[in-house]
Amino acid sequence: MNLTWHIVKKDLRVFRWPLLAWVLLIVAKLGVGVILLTADGTESEIWFKSMAGFAQLLAALEGASFVLTAALVQEDLLVGTRAFWRTRPISGARLLHAKLITLGLVFGLVPLLVTLPWWLGCGFGWREIGWAALQTAGLHLAGVLLGLLCAIVTDGFGRFLMWTLVAVFAVPALAATLAYHVGGKVSPGGDLATTRFALMGAVGAIAIGAVTIHQYLTLRTVRSIGIIAGAVAVLALIGAFWPFAWKFQAGPYTEVMAKEAERWSPANAPAGFGFNVQSVQLRMERPAFKDGHLILKLRVDGLADSQALSFFLSDYTLRWPDGWTKKGGMWGRTGLLDRSVEKALGVAMKFAPERRYSDEVTTSAWLAPEVVHRLTDYPPPAFELNGRFQLLRFDSAIPVALPDKARTWNGVAGERVAWTRKTGEYLLVTFVRNAPALWRYDFADSYFAQKQFTQHLLANRALGFVDNGRSAGHRSAKIGTVEIIWHTQSYRASPMAGGPRPLPEAIAALNEAELMRITFVEEARFTHPIKIDPLVVEPASP
C-alpha cells in the first residue's frame, strides 16, 4: 500500500502546476458567479452577457480534464518499451490502483470541495448539494473516461489526441450513417432517442472500464484495441437500431401525474365555486400554417376576498356531433393581484386595462390545422375541461427595502434588490435571484411542489395606487449548478383621476412609493369541470 501511495504522490508532484491551474479555472468560474450575484445592478445587460459568456468559456476549459487524465496515465506508459515502472517491482494491478486513486482525488474530490462553499453560499440544502455533487462528479467522470479511452493504448500525446478525435466523431457518424441508410431514414425522437443515448453511455462506460482493466493487467495492446473496436461497433448498432424505448420522460411524468391525481379532490373546492364564460376566441398565430390557439377567458365565482387561484395543466376534450373527437392539454394563467391585497395595503387599486384579477382565468391550447378547420367550418362541438386548480390565500405584504447605495448583499436569501432608477414615468427595479440548476431529479418538486407564490408590487398609499409592474429585461446564467437571474421590473406611476398619462406629482411620488413583497400560500388543490356546449368561437382581437 505504501508503494501505491508513493505512485500517487509522485503523480501529484509531477503535475502539481497543471492541476493547480485546472483548479484555479474552477475557482475563477465560481468567482464570476459571485461577481454576478453581488454586483450593484448598474451594469448593462451586455456586461451580464459578457460575464456569463466568460464563465461558460472557463467551464469549457475545465472540461479539458480528459487531457490531464491522459497526461497522468501516460506518465507511466502502457505501450512501448520506454516505461520506467516496468523495471521496478510494480504490477499492473498496483499501478491501476494508484492511477484510480489519483484520478478520484483530482477529478472527484477536489472539484466538490472547491465548489462546496459556492453551494452553501447560494443557499443549497443538503439534498440540493447531494444532487449537485452527483451532477458535477458525473460530468468529470465523462472527461476521465474519455481520457482513459485512448491514453492506455497510445504511446504519446500526439497519437492520443488523434485517436480521441476519431473516437469522439466515429461512433455518432457511424450510427447516423447506419440509421440513415439501413434504418429507414427515420430519426428517432422522444424516449427512444433518450434511451439510445443513455444505453450508449452506459455500455461505453462499461467498455472503457473493461479495456482499462485488461490493458493494465495484461499489457496486450492489440487485444485492447480489438475490444475498443468491438465496443465502437456495438455502440453504433445501439445508436442506429435499438428498438425499445424506456420511459425516461413519459414514465416519471405519468407516475407523478397519477400520484398527484390523488391530491386533487373536487371536494376541496370552496362553497359556491364556479365559472362564468367571458369569451371563447380562436387566434390564428401562423396563418400560413393554418394552426392556432383556442383561448378561454373565465370569471370565477365563489372566491373569498382573501383567496386566489392558480391553474395547472388540464385535460380538455372537443367532441363534434359526427363523433370526431380531439383531446389535449390546456395551460392557464391567473392574476394574483386581487382585492385582498387592496385591503391589506389599505390602497384603492387603479389598474390598467390589461391587469388581471385573481378571479379571472385565461386558458389556452394549441390546435393543429385540422382542428382549426373543424372549429371554423363544422357545427360547434361540445367542450369539456377537467380543470386543475390550486386555491391560494393571501398571507402577507412585507415592505422590501430599496438600496440606498450601490452594492448591498443580503446573504443567502436567494433574492435581493440590486438597483433602482427612475426613467420618466417609470421606476425600474433590478432583482438578482439564484436557484438550483440541476437535472430534473424530482419532477414533482419542480412542477407541483410550489406551496406559495410571491410577487413584488409598488404601492403609494398617499396617492392611492398599486402597480404590479411588467418585465423590462431578463438575463440568466448557469454557473456551478446554480442559475443566476437578473430581472428588471418596470413600475409605472399612477395615471391618477383616470387620465391617460401620469401627472407630474404622480411621477414625483415614485420616490415615496413602497416596494411590497406579496405572498400567497396554498389552501387546497381540487379539480372542477368546465363544460361549454356548444363551443362557439370568435376571432381573437389583434
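Between segment 11-69 and segment 148-170, what is the C-alpha centre distance in whole Å?
26
Ranked from highest to lowest mean number of other Cβ atoms within 10 Å per residue, what is the order of the peptides 64-74, 97-107, 373-383?
On the way: 64-74: 21.5, 97-107: 19.3, 373-383: 15.4.
Ranking, from highest mean packing down: 64-74, 97-107, 373-383.
Work out from phi, with θ = phi - 60° and the Karplus expression 6.51 cos²θ - 1.76 cosθ + 1.60, the ³J(HN,Hα) of each residue of segment 194-203, listed in order in whole Hz, and give x for Gly and Pro.
So the J values, rounded to whole Hz, are 5, 5, 4, 5, 5, 5, 4, x, 5, 5.
Grab the Cα-Cα distance for Ile206 and Leu109, subtract it from 0.36 nm times how many residues apart they are, and report the gain in nm with one decimal. Show your work: numbers first, answer last.
Details: separation 97, 0.36 × 97 = 34.92 nm, distance 2.19 nm.
The span from Ile206 to Leu109 would gain 32.7 nm if fully extended.
Among Leu20, His97, Thr69, pick out the residue whose Cα is farthest towards the positive end of the charge dipole of segment 1-102, where Lys and Arg carry +1 and Asp and Glu carry -1 on C-beta, about the Cα centre.
The residue sitting most towards the positive pole is His97.
Kindly rank 157-165, 118-126 from highest to lowest mean number of other beta carbons found within 10 Å of each residue. Let's see the in-between values first.
Details: 157-165: 15.1, 118-126: 17.0.
The peptides rank, most packed first, as 118-126, 157-165.
Provide the gained length on full extension for the span Asp533 to Lys422, in nm with one decimal, where the gain is 0.36 nm per separating residue minus the Cα-Cα distance.
Working: separation 111, 0.36 × 111 = 39.96 nm, distance 5.04 nm.
Full extension from Asp533 to Lys422 adds 34.9 nm.
In this model, which of Lys422/Lys478; Lys29/Lys99; Lys49/Lys478; Lys326/Lys531; Lys327/Lys531 are farther than 21 Å apart at the alpha-carbon?
Details: Lys422/Lys478 30 Å; Lys29/Lys99 27 Å; Lys49/Lys478 12 Å; Lys326/Lys531 15 Å; Lys327/Lys531 14 Å.
In this structure, Lys422/Lys478; Lys29/Lys99 lie more than 21 Å apart at Cα.
Quick one: if you stick a label point 7 Å off each Cα along the C-beta vector at Ala137 and Ala93, how many nm between them?
Spacing of the two 7 Å Cα→Cβ label points: 2.5 nm.
If you add up the charges near Leu375, with Lys and Arg at +1 and Asp and Glu at -1, over every other residue whose beta carbon is less than 13 angstrom from its beta carbon, what do you get? Walk me through the intermediate numbers first.
On the way: positive: Arg283, Lys290, Arg319, Lys326, Arg374; negative: Asp291, Glu370, Asp377, Glu538.
Its environment carries a net charge of +1.
Could you calculate the FRET efficiency of Asp40 with Glu512 from 1/(1 + (r/R0)^6), where r is the beta carbon distance between them and R0 is 22 Å, rounded to 0.05? Each step should come with its number before you reach the end.
Numbers: r = 23 Å, r/R0 = 1.03.
Efficiency computed from Cβ-Cβ geometry: 0.45.
I need the phi-derived Karplus couplings for segment 371-377: 6.51 cos²θ - 1.76 cosθ + 1.60, θ = phi - 60°, integer Hz, Gly and Pro marked x.
Result, rounded to whole Hz: 6, 4, 4, 5, 5, 9, 10.
Averaged per residue, what accessible area in Å² does segment 21-117 show with a 1.4 Å probe, protein chains only? Let's see the in-between values first.
Values: 4380 Å² over 97 residues.
Here the residues of segment 21-117 average 45 Å² of exposed surface.
Would you mind computing, in nm to one decimal, how far apart the modelled labels at Leu219 and His474 are, each placed 7 Å from Cα along Cα→Cβ?
6.1
For Asn2 and Phe54, what does the FRET efficiency come to when R0 = 51 Å and r is the distance between their Cβ atoms, rounded to the nearest 0.05?
Details: r = 44 Å, r/R0 = 0.87.
Calculated value: 0.70.
Given an 8 Å cut-off on Cα distances and at least 6 residues of separation, report the relative contact order of segment 6-153 as a percent.
On the way: 102 pairs, mean separation 56.7, N = 148.
Over segment 6-153, the number comes to 38 percent.
The values are calculated or read from the model by the stated rules, or taken from the named source; none is laboratory data. This one's a predicted model, so the numbers in the text were calculated from it and none came from an experiment. Virtual Cβ from ideal backbone geometry, glycine too; neighbours counted across all protein chains shown. Each accessible area value is taken on the protein alone, full model and side chains, heavy atoms only, with ligands, DNA and RNA left out. Shrake-Rupley method; radii C 1.70, N 1.55, O 1.52, S 1.80 Å.
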